[in-house]
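Note sheet for the following structure.
The values are calculated or read from the model by the stated rules, or taken from the named source; none is laboratory data. Small disclaimer: the values here were computed from a predicted structure and weren't measured. No Cβ is skipped: glycine too gets one built from the backbone with ideal geometry, and neighbour counts run over all protein chains shown. Ligands, DNA and RNA are stripped out before the accessible areas are found, and what is left, the full protein with its side chains, is counted by its heavy atoms. Shrake-Rupley method; radii C 1.70, N 1.55, O 1.52, S 1.80 Å.
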Amino acid sequence: MDTIRILIADDHTLLRNALAEILQTTEEFEVVATAGSAPEAIRLAAEHQPDITLLDIGMPGNAHPPTTVRKLQQAAPSGGILVLTMHDDPQLVQALLPLGIRGFLHKTVSHQALFAAVREATTPGSRITLSLSAESLAAPPPPAPGPLSPREAQVVELAAHGLSNYQIARRLDITEGTVKRHMRNIFDKLGVGSRVEAANKSVELGLIEPPVAAPKRMGRRYREYPESA
């Protein structure tokens, strides 16, 4: 039996190390690399060409998971992706499944279930593995995307002015994690993949006013700021 080569992408060092140790208790798995952010995972996927990437959702550079999944698929076209996360979110599952991920696992799964999911993910014609709580599976379907909420409009307007997630959180007296969730919703509602696209489209749709002094402005276009959503 060929060894299954695995890339672990999670920003918690302790969890990355624990996963690597668990997976390598059997000779059928080999952890070829670990990453603490989405950009690092994409780089390492291109370098190592893993058979499977275990992808965490809530890590730096992964504010828009569908974009990260597409980039990982481009970096390692023959590899599969298993999402391993604490985000028990049916809406996120619905956004990622059409992209061809091989499974969506909650971090509370047993190591036996994880092993089985990795094996399934590398077996041609096998089923997609889903591991969600009963409460999540019973939840009603999310409403169709609509206009930005007042808070989302505030967030994208501040982002258009170049404020970081931390600065937006301080300005609105909310947590940085809440800002990231708002940005993810904004991306989904507007069908965009970056902060600058969200700002441009919000202006074009009349959802926010153009910044008075946007840096390096060209018409209604803004430069891309280094921080991801």
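Annotations
- Where Rh is the Kirkwood radius over Cα pairs, Rg/Rh for the range 160-204: 0.97
- Averaging the sequence gap over all C-alpha pairs within less than 8 Å and six or more residues apart, then dividing by the number of residues, gives the range 1-121 a relative contact order of 23 percent.
- Largest-first ordering by accessible area, 1.4 Å probe, given options R43, R16: R43, R16
- Counting only protein heavy atoms and using a 1.4 Å probe, the accessible area of L207 comes to about 70 Å².
- Within the shell of other residues whose beta carbon sits under 15 angstrom from the beta carbon of H12, the net charge comes to -3, with Lys and Arg scored +1 and Asp and Glu -1.
- Phi-based couplings in Hz for the range 67-84 (Karplus 6.51, -1.76, 1.60; Gly and Pro marked x): 5, 4, 4, 4, 5, 5, 5, 5, 6, 9, x, 8, x, x, 10, 10, 7, 10
- Put a dot 7 Å past the Cα of R127, heading toward its Cβ, do the same for T26, and the two dots end up 1.8 nm apart.
- Relative packing of 20-32, 186-198, which averages over residues the other C-beta atoms within 10 Å, highest first: 186-198, 20-32
- Placing pseudo-labels 7 Å out from each Cα toward the beta carbon at R119 and A18 gives an inter-label distance of 2.4 nm.
- Probing with 1.4 Å while keeping every protein chain in the model, the per residue accessible area of the range 46-205 equals 48 Å².
- Accessible area of I42 in the full protein assembly, 1.4 Å probe (Å², nearest 10): 40
- Label-point gap, in nm, between V109 and L205 - each point 7 angstrom along Cα→Cβ: 3.3
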